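Down below is the structure, laid out as structure tokens.
Any read-out appearing in this document is the output of simple, stated calculations on the displayed coordinates, not a laboratory observation. On a predicted model such as this, the values are computed, not experimentally measured, just so you know. Virtual Cβ from ideal backbone geometry, glycine too; neighbours counted across all protein chains shown.
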Amino acid sequence: PDVSAMEVLESQDVNYEDIGGLEPQIQELIESVELPLTKPESFERIGITPPKGVLLYGEPGTGKTMLAKAVAHRTDATFIRVVGSELIQKYIGDGAKLVREMFDMARKKSPSIVFIDELDAIASRRLNDTNGADREVQRTLMQLLAEMDGFDNRGDIRIIAATNRLDVLDPAILRPGRFDRIVNVPMPDAEARENIFRIHTRFMSVADDIDYKKLAKLTESASGADLNAIAMEAGMLAVRFDKDSVSMAEFLESVQKVMSKTENKKEVLP
Ligand code: ATP
């Protein structure tokens with residue numbers, strides 16, 4: 001298989017504790033992905049089959065990839081990641097083949113978790129499917145559906161997908177036996193933002209004057225990725241001024257800088 005198209009990682013270093021907020025989402029993944037892989041007998045005893053696929057949806061940078069990696073870490077499963085848009089842009093004509101190879105790999109290296117990022121790039125509802133590019137996407141999607149239908153729920157392969165656009169997905173992909181668990185990953189609220197700041201400054205040398213509650217209040221529209229960027233930037237400022245630790249002043253400057261960037265980004269979007 002062309003390994004450059006997919007990322008195959010046998011061990012992950014993300015833990016549930018590294019994720020701020022998202023407790024209900026973590027719980028959902030424990031029940032639908034972790035337990036089926038680690039305690040299949042519990043499902044057998046009760047007589048239910050776990051879902052094959054879980055779909056995470058939400059804004060960019062809210063922790064969807066982190067969630068998938070953290071579950072993989074807990075189960076020691078092989079983690080195979082592909083990005084939908086890369087499947088069709090970089091591997092023109094080969095999308096379907098890559099999907100097949102990805103599932104072959106998942107079987108060979110099981111237990112495994114297949115993570116499909118940007119699912120919408122290969123699983124959008126087609127408005128007009130007459131042109132060649134659309135047909136290529138269609139073939140990739142058909143292969144994905146065939147692969148999902150072809151394996152057993154009770155087996156040791158789970159599929160997690162992520163998207164920012166639930167509304168454009170082809171309903172075929174959401175049918176029972178495919179992605180039949182849909183989990184919303186929301187933007188962080190104030191409490192979650194405070195947590196995320198604490199997580200991302202854990203290994204930083206920070207001054208006593210850091211007011212995490214205030215930082216959370218000042219970052220109302222920030223995603224987890226934005227908060228990570230703020231912490232990084234504050235650290236960079238401290239380095240630039242040759243300080244021993246990062247203080248609130250650097251954080252405030254960094255909040256301004258990163259937040260004005262994210263505001264601008266939102267304005268250019270439709
Ligand atoms: P995209 O839709 O753009 O792929 P995503 O939802 O998959 O984004 P991640 O890749 O999981 O987002 O998050 C990007 C980075 O942002 C993470 O590596 C982490 O540093 C930070 N981050 C995002 N959400 C959280 C969170 N809930 N807790 C802690 N860090 C977070």
_Taking the 0 to 90 degree range and rounding to the nearest ten, how far is the long axis of helix 190-200 tilted relative to the main principal axis of the chain, both from C-alpha atoms?_
90
*Net charge contributed by nearby residues that have their C-beta within less than 14 Å of Ile26 (K/R +1, D/E -1)*: -2
*In whole Å, what are the Cα extents of region 208-270 along the three principal axes, biggest one first?*
43, 24, 15
*asked:* Taking the 0 to 90 degree range and rounding to the nearest ten, how far is the long axis of helix 64-75 tilted relative to the main principal axis of the chain, both from C-alpha atoms?
replied: 70
*asked:* Taking amide H atoms as placed 1.01 Å from N in the peptide plane, list the residues 5 or more away in sequence, or in a different chain, whose amide H sits under 5 Å from that of Ser124.
replied: Asp170
_Run lengths n ≥ 4 of DSSP H only: what is the helix-derived mean residue ellipticity at 222 nm for the chain, with -39500 (n - 2.57) per run over all residues, to the nearest 500?_
-14000 deg cm²/dmol
*Full extension from Arg202 to Met236: what is 0.36 nm times the residue separation minus their Cα-Cα distance, to one decimal in nm?*
10.7 nm
*Local charge sum around Ile116 (other residues, Cβ-Cβ under 13 Å, Lys/Arg +1, Asp/Glu -1)?*
-1
*Bin by bin, in steps of 10 Å, what percent of the Cα pairs in region 142-229 do you find, going until the bin that has the longest distance?*
13, 32, 19, 21, 12, 2
_Normalised convex hull volume, region 1-86, alpha-carbon set, Å³ per residue_ = 122
*Please state the equivalent ellipsoid semi-axes for the chain: what are the square roots of 5 times the Cα gyration tensor eigenvalues, largest first, in whole Å?*
36, 23, 17
